[in-house]
Structure formats: structure tokens, C-alpha cells
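**Student:** Quick one: the structure is below, and I'll ask about it shortly.
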Amino acid sequence: MANQTSATFENQAMWAGGRSPFNLSYGKLMMWIFLLSDAFTFSSLLVGYGAIRFSYSGASIAWPDPAAIFNHFPFMHGYFLPLLFVSVMTFILIFSSVTMVLAVEAGHRNSKKEVSKYMFYTIIGGFAFLGCQAWEWTQFIHDQGRLDSNFFGITQQGYEHLKDVKFGDHFHWNEGDRTWGPVPFASLFFIVTGFHGFHVFSGVVLNILVWINSMRGVYERRGHYEMVEKVGLYWHFVDLVWVFVFTFYYLI
Amino acid sequence: MGNFAHTPGEYDPINYVPHTESHGTKELWRTFWLLLGITILDFILYFTMPPSLFRNVVFVFFGLVKAYYIVGAFMHMKNEKINLAMCILVPTLFIIGLVMGLLYEGHALSTY
């Protein structure tokens, strides 16, 4: 029973004031709470995508198969390479998450030089991802994907054509393979990846600010690199969201 | 932030920053290889398994595993106090209700 008493006492002391109950700074706690609310926003978008997609089950022109649309790769024009480019984008984002967490780790050691170095790598990763996304959007728009219309209603003939195409084959749409399809497919593609891309962009801006501050020695004078941790939390969250966009948009 | 007058040594909720220590980079790199491995596995399964509900369940499961490692290792949730972890993670369970509710409603929305 002695244990129980001391545990109760500890709990009371935890919330009795005079200490941080979560052993966390104000800013970091607020970042966690912001990320929780952002998680709800993104899950609404993704679950809304699911609901609308399910509402098209049994439609005469079915919801398109993502592999039939996102099958381009830079400098490999005309080849059927579904999922490859998004996998590369996923890799870029995961790798920039690693450099971010290395910057946080360097911040724990108060190493100004290393924090600046890894923040720089993270910014490069962020720009690389944004560039990839711009390329992806350009391809989609080029193939007649619009916010208010979608030319990816794949006909019976189109599916017969796709059936014979293997990974790495030459591939071009024939006349009559495609028709006007479910509009929400295209609009939700722009909205969800656009909302995520805007998060990446904001993250890059924050990363640049922290990078400049760390180089100027602001955090060194302050005595801690907590700002790197806070921005890092945001950056990892963006990576986390991409994991689910990748799963629901491209895999399923 | 300087408006909060406090005596030295006293707890100051606005400016308090806990002391942190480096846990090394070994676990971080391990997490990276794990995430990369699962993504490659996703890629392989996409082409080797025929589309089915089971395959979708596998993909969602892999997504949740990746989420666990990103939040746990990269965002240091494993090193935070359990109270904070519960405050942030338990509310995300509501999303499961949203998923089940809206996917069920999706069939009802159908006009076909």
C-alpha cells in the first residue's frame, strides 16, 4: 500500500502548480495540440474522399484506378511506371524527416554547425518534394485532370487496353479509352495533395527561418535549440500525413 | 514574454524549457531503414498481390506501422511523459469512428 500512497501524492504534486505537469515547454505543448487539430482536418479530407469514392460504387463509369493515371516518371516519357514516382517522393520526404531529426539531435548537443547543416539538408528535401509535386500536377493537368472535370473515366475498352500493359512497357492512351469520369476524383486530388503541399511549403518557410536563426547564433545565445524541436514536430507531422495520402490515394 | 515578473529559481510557465539530452542517432537511422523497407514492401505488394479488401487492409496496417515509428521515434513521443502521449493519442481514436461512419454513409450517398 505504500506504493499507492506515494503514487497518489506524486499525482497531486504533478497538478499542484509550481512545475510543468508534462515536463514540456508552453510552445511545444501548443505545437502538439495544433498537430492534433490538424490531424482531424486531414482525416476529414481523407475520410471524405473515402465516402465519396464509396458513393460511386455501382456507377456506370467507375472510380478510376490510380495506377492508370499516375504512371509517369521524369525523363521516361511514354513508359508505364505506376507508383514509382510517388514512391520516390515518399523516400524524399522520409529522408528529409531523418535530416530534421538529426538537426534536433545536434541541437540537444548545442552544436550550432551541425544544426545549420542538417536544417539546410531538410530545406533541400522540402524543395525537392515540392518540385516533384509540381511535376505530378503538371502531368495530371496535361492529361485533362481539372478541378471541375475529370477525363479519367476509363471505359471498358480502356481497361482491356490496360490489362495487357506491364510495368515498364510503352503506353499511350488510345482513342476511346477514356471518357468524362467522376469529377470528385480530380477535385479531391487537387484539394488533398494541395492542402498537404501547402503544409510542406509552410514547413519549408519555417525551416528556412530556423536555419537562418541557427546560423546567426540566436539559439546559441538563448542557450537551447528548442525552436528546432518545435519546427521538427511540424515537419514530421507533414511526413506522417503524406504516409496516409500515399496509402489512400495511390495504393488503395 | 518579459511581462511575467518572477523571482529567480521560481517555476515560470511561459519561459520554462526542460533540459534535454541527446539519445544518439542509432535509433533514428534504424527507424529510417524500417520506414524505407515498409515503403518498398508496399511497392512490391502493389504489383504482386491482386487488388482485394485484404490487400487494402495490409496497406492501411503498414500505414499505421509507419505512423507509429514516425510519432514514436522521430517526434520523440516514446520519451515524453505518458500523460502527454495519452492526451494527444487518445483523441485520435475518434477518427476511427469517423472512418466507419462515413464509409458506411458513402453507400447511402450513392445515387446508382
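**Student:** If you check A:Ile124 against the conditions, is it within 21 Å of A:Asp239 (Cα to Cα), modelled with pLDDT of 95 or more, β-branched (Val, Ile, Thr) and surrounded by fewer than 18 Cβ atoms within 10 Å (Cβ to Cβ)? Give the steps one after another, and end with the answer.
**Tutor:** On the way: within 21 Å of A:Asp239 (Cα to Cα): yes; modelled with pLDDT of 95 or more: yes; β-branched (Val, Ile, Thr): yes; surrounded by fewer than 18 Cβ atoms within 10 Å (Cβ to Cβ): yes.
When the stated conditions are applied, A:Ile124 passes them.
**Student:** Kindly indicate whether A:Phe75 is of a type in the set (Phe, Trp, Tyr), surrounded by 20 or more Cβ atoms within 10 Å (Cβ to Cβ) and out of contact with any Gly (no Cβ under 8 Å at 6 or more places or on another chain).
**Tutor:** The answer is no for A:Phe75.
**Student:** When you scan the range A:164-175, do you find a residue that is in contact (Cβ under 8 Å) with a residue 60 or more places away in the chain, at the interface with another protein chain (Cβ under 10 Å from one of its Cβ atoms) and out of contact with any Lys or Arg (no Cβ under 9 Å at 6 or more places or on another chain), even just one? If you could, list the steps in order and put the result at the bottom.
**Tutor:** Just the residues of the range A:164-175 that are in contact (Cβ under 8 Å) with a residue 60 or more places away in the chain, to begin with: A:165-172.
Restricting the remaining residues to those that are at the interface with another protein chain (Cβ under 10 Å from one of its Cβ atoms) gives A:166-167.
Applying the additional criterion that residues be out of contact with any Lys or Arg (no Cβ under 9 Å at 6 or more places or on another chain) yields A:166-167.
Yes: the range A:164-175 contains one or more residues that are in contact (Cβ under 8 Å) with a residue 60 or more places away in the chain, at the interface with another protein chain (Cβ under 10 Å from one of its Cβ atoms) and out of contact with any Lys or Arg (no Cβ under 9 Å at 6 or more places or on another chain).
**Student:** What single numbered condition from (1) surrounded by fewer than 18 Cβ atoms within 10 Å (Cβ to Cβ); (2) part of a helix (DSSP H, G or I); (3) out of contact with any helix residue (DSSP H, G or I) (no Cβ under 6 Å at 6 or more places or on another chain) fails to hold for A:Phe189?
**Tutor:** (1)
**Student:** Would you be able to tell me the number of residues in the range A:67-90 that are in contact (Cβ under 8 Å) with a residue 24 or more places away in the chain and either more than 9 Å from chain B (Cβ to nearest Cβ) or at positive phi (or both)?
**Tutor:** Adding up the residues that qualify gives 15.
**Student:** Quick test of your reading of the structure: B:Phe47 fulfils all but one of (1) touching an Asp or Glu at 6+ places or on another chain (Cβ under 9 Å); (2) without any contact (Cβ under 8 Å) to a residue 12 or more places away in the chain. Name the failing condition by number.
**Tutor:** (1)
Results for (1) assigned to a helix (DSSP H, G or I); (2) closer than 21 Å to A:Cys132 by Cβ, shown as yes or no for each residue.
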residue	(1), (2)
A:Phe40	yes, no
A:Gly48	yes, no
A:Ile61	no, no
A:His77	no, yes
A:Pro82	no, yes
A:Val101	yes, no
A:Glu105	yes, no
A:Val115	yes, no
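**Student:** Among the residues in the range A:57-64, are any surrounded by 17 or more Cβ atoms within 10 Å (Cβ to Cβ), at pLDDT 90 or above and away from chain B (no Cβ under 11 Å)?
**Tutor:** no
**Student:** What residue, among those in the range A:183-240 that are among the aliphatic types (A, V, I, L, M) and touching a strand residue (DSSP E or B) at 6+ places or on another chain (Cβ under 7 Å), is farthest from B:His19 (Cα to Cα)?
**Tutor:** Looking at residues that are among the aliphatic types (A, V, I, L, M) and touching a strand residue (DSSP E or B) at 6+ places or on another chain (Cβ under 7 Å), I get A:Val183.
**Student:** Here's a follow-up. Name every residue in the range A:140-161 that is in a helix (DSSP H, G or I) and buried (at least 18 other Cβ atoms within 10 Å of the Cβ), in order of residue number.
**Tutor:** Within the range A:140-161, A:Phe140, A:Gly158, A:His161 qualify.
**Student:** If we only count helices (runs of 4 or more DSSP H) wholly inside the range B:1-102, which ones have 3 or more residues that are in contact with a Phe, Trp or Tyr (Cβ under 7 Å, 6 or more places away or on another chain) and within 7 Å of chain A (Cβ to nearest Cβ)?
**Tutor:** The helices (runs of 4 or more DSSP H) meeting that bar are B:26-48, B:82-89.
**Student:** Let me ask something else about it. If I ask for residues that are facing another protein chain (nearest Cβ under 7 Å) and not aromatic (Phe, Trp, Tyr), which ones from the range A:29-43 would you list?
**Tutor:** The answer is A:Leu36, A:Ala39, A:Ser43.
**Student:** Specify the residue that is farthest from the chain's Cα centre (by Cα); the eligible residues are those in the range A:50-59 that are part of a helix (DSSP H, G or I) and not hydrophobic (A, V, I, L, M, F, W, C).
**Tutor:** It comes out as A:Ser55.
**Student:** Out of (1) at pLDDT 90 or above; (2) loosely packed, with under 14 Cβ neighbours inside 10 Å, the odd one out for B:Leu45 is which?
**Tutor:** The single condition B:Leu45 does not satisfy is (2).
The values are calculated or read from the model by the stated rules, or taken from the named source; none is laboratory data. Since the structure is predicted, the reported quantities are computational estimates derived from the model, not experimental observations. So basically every Cβ, Gly included, is an ideal-geometry build from the backbone, and we count neighbours across all protein chains shown.
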